[in-house]
Every structure is written in C-alpha cells, then in structure tokens.
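Participant: Got a structure for you, questions after.
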Amino acid sequence: DVYKRQVDWQGAAGFADVQAGIAMTPAHPVRVASNAMTYIATAVLRLAEEGRLDLDDPIERHLSEEHLVLLRGEGYDTNAITLRHLLTHTSGLFDHSAGEIYTSKIMADPSYHWTRTQQLAMAMEYGEPHGPPGAFFTYCDTGYILLGEVVERASGRPMATAVRELIGFEALGLDSTWWELMEAVPAGAGDRAHQFLGEEDVTDYQPYYDLYGGGGVVATVGDLARFWRALFAGEVYRHPDTLPVMLTTIDGAAPIPDAEEGAMPPGAYRMGLWELDVAGHRAYRHTGFWGTSATWVPDLDLVVALTVNQHDAKEVLDGIPQQVVELVVGLTAPDPA
C-alpha cells in the first residue's frame, strides 16, 4: 500500500539567487509568511492543553492594557472577542494589512522597524469593525499578531521561544526552522533563497512588517512538511481531542459585504489552516504571501509542502498539490488487467 510506504521526496528547480547563479535546493530556507499562523495556532492550543488559557477566554484577559485601550477606542468589545474568534478569523477586526496602504508603506521604507503596537494602531486608524465577533469571516493578520502576544503573556516567555518549546522543534528535527530576528539562525541552516514581489527582490527587506504571529518563520520546505506531518501524526499535541478542536470553526459567520471575488468562504478556515477539496479529496492547507504552501490530505496520509519564491503564485500553489494527489491515487488504482 503506497499510503503506508512513508515516501519522502524533495526536489528543486531554478535559482535560489539568480544574480549569483546559485541553484535552488531543498536545503534553502525561505520566509514562509502566513504559514506561521499554523505554528501560532498550534502553540495556543498547546497552552490550552496545559490549562494556561481557554479558547473561549475573552482577549481582555490576555492582552496588554495599551492594546486593549486601542481596541476599545475604536468600538471593539474586548470582553466579547475570544481567542477562538481570533484563531478562526471571525473576530470582526479590521486587518492592518488589507488593501494597498500597508504594502505601499513597506515598499517606501523596507527597513522600517514596525512594532506589533504600530500594526494594531494601523488597523484601528484605517478601518472600522466589521461587526460583532462571530458574525463575519474575513482573513485577518491583525488577529494573529494579537495571538502572538497571547502566547507571550500566557507562557511568560518571548513568542519565538514559547512556540519552539510548545511545539518541540528540537524533538521533531526542525533544524532549519526559526523565528527571524527573534532567534539566532540555527547552526548548519543554509542561506535564505531570494523571494520576489513581481520583479522586486524583497530578500533584504527587514522582516519587521511580518514578524509577530501572522508571519516571521523561516524554514525549508522539508521542515515545513515535517512539522505538518508531526502535527497530524499525533506528535505535537498531548491529548487526542486537541487536533479535532483545531479543525473546528465558528458556524454562522457571513462574508463581509465587500469581500473580494474568490475570497475564502466562511466556514473553510479553522484554526491556523483551512479545509478545501483537492482532486476530490478533503484536505487542509495554509499558504504564505511569498509563494509557500503546506497541504495535508488525511485519507491519503499525504503532506505536500512547496515554495515558488514569488508572490501571486496561486495557480502553482493549487496546481502542484492537485497533481501530486492525482499521481498518488494513480499509483494505487487497481490494475485494469
């Protein structure tokens, strides 16, 4: 049975550094951007396992007074928004990274030292609450930077350290995974591959713009796959009922009125990943802004992680997992003879 053969394949094509003519290899780490949300959600659920927080806790209990004041000042009910709302993008928070304003600020000054507080303040300045918590679904980086703060305050440790320890990076062999700027680059980790926004090489952009929970992780695709494999193989959570909780959502949320065409439908996003169909099979996935993706297909026991080092790569991020699923299914199809 090919599903039980524990096949592990890695490959690469193209260049990690076009100008220097350095070929891309599976050993080149990349910024995984929003794939970091899976790590943050996992850390929150581990803290819940340890009894240090509850998913239905209001954010009032877990954020700094400075951030609570900002939220209350724009009409957010910090006693009604829960950690579960943040995890499932149903908090009603406006996203500081929505639209072109934030991107234009980053492009104008790629070295600017953004803080979590400044990002939250931007969300408060440029948008209104979408509605009461649980009423609307909209993907929101701001919610996950707040979850990064929750991890810090509930664990009593810096976010990167807490996530590393709660997940167990060392035990899982995630030797080429780290939180940029917050941790030292692991010994033996390769140089980061160059990543692009159109023709713009953004490799040297300082990562403060995407560092505090909505992004910030650097990893090889092999490590990304290894993390997802461990997560769904029962090697991360301590209790068997935690993973099923991660795969739940808040029912009844509607799309926001100005949702973009083709936006993820309400109910698809769970906690740090979303459910979708891949070649007729139920699957779970997360992607990152710079062209990274991880997908788990439960009935095939299959994990596919990849990068194309380029924003706006949806066609590839959708197409490769589908082709891999079709290949695996084809390998296991009965011989018509």
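The values are calculated or read from the model by the stated rules, or taken from the named source; none is laboratory data. Because the structure is a prediction, the values reported are computed rather than measured. Please note: Cβ atoms are built from the backbone with ideal geometry, for glycine as well, and neighbour counts cover all protein chains shown. Protein only, heavy atoms only, side chains kept; ligands, DNA and RNA dropped before computing areas. Shrake-Rupley method; radii C 1.70, N 1.55, O 1.52, S 1.80 Å.
Participant: Report, to the nearest whole %, how much of the accessible area of region 1-79 belongs to carbon and sulfur atoms, 1.4 Å probe, protein only.
Facilitator: Roughly 48 percent, rounded to a whole number.
Participant: Give me the extension gain from E49 to T242: residue separation times 0.36 nm, minus the current Cα-Cα distance, reported in nm with one decimal.
Facilitator: Computed gain between E49 and T242 is 68.7 nm.
Participant: Among G222, T177, P240, pick out the residue whose Cα is farthest towards the positive end of the charge dipole of the chain, where Lys and Arg carry +1 and Asp and Glu carry -1 on C-beta, about the Cα centre.
Facilitator: The one lying farthest along the dipole's positive direction is P240.
Participant: Heavy-atom accessible area per residue, the chain, 1.4 Å probe: how many Å²? Walk me through the numbers before you get to the answer.
Facilitator: Working: 15100 Å² over 337 residues.
Result: 45 Å² per residue.
Participant: Label point 7 Å out from E326 along Cα-to-Cβ: which residues of region 244-282 have amide N under 19 Å?
Facilitator: Residues 276-282 fall inside that zone.
Participant: Carbon and sulfur atoms: what percent of the 1.4 Å accessible area of region 270-337 do they account for?
Facilitator: The computed percentage sits at 54.
Participant: To continue, here is another question. Of the candidates I22, I81, I320, which one comes out as most mobile in a Gaussian network treatment of the chain with C-alpha springs shorter than 10 Å?
Facilitator: For the chain, modelled as a Gaussian network with Cα springs under 10 Å, the answer is I22.
Participant: Springs between alpha-carbon pairs under 10 angstrom, Gaussian network model over the chain: which of W178, W114, W290 fluctuates most?
Facilitator: The residue that fluctuates most here is W114.
Participant: To continue, here is another question. May I ask for the distance between the Cα centers of region 44-118 and region 157-208, given as a whole number of Å?
Facilitator: Computed from Cα coordinates, the inter-centre distance equals 22 Å.
Participant: Would you please name the GluC sites (Glu not before Pro) within region 1-91 that are DSSP coil residues with at most 12 other C-beta atoms within 10 Å of their C-beta?
Facilitator: The qualifying sites are E50.
Participant: Report, in debye and to the nearest 20, how large the dipole of region 231-337 comes out about its Cα centre when Lys and Arg carry +1 and Asp and Glu carry -1 on their Cβ.
Facilitator: Details: 5 positive and 15 negative charges, 65 e Å.
Computed about the Cα centre, the dipole is about 320 debye.
Participant: Same structure, new question: Just add up the charged neighbours of G198: K/R +1, D/E -1, any other residue whose Cβ is under 15 Å from the Cβ of G198.
Facilitator: That works out to -4.
Participant: Placing unit charges on C-beta atoms (Lys and Arg positive, Asp and Glu negative, everything else neutral), compute the dipole magnitude of the chain about its Cα centre in debye, rounded to 20.
Facilitator: Values: 21 positive and 48 negative charges, 158 e Å.
With Lys and Arg at +1 and Asp and Glu at -1, about 760 debye.
Participant: Just the number, please: carbon plus sulfur as a percent of the accessible area of region 189-233, 1.4 Å probe, no ligands or DNA/RNA counted.
Facilitator: Result for region 189-233: 43 percent of the exposed heavy-atom area is carbon or sulfur.
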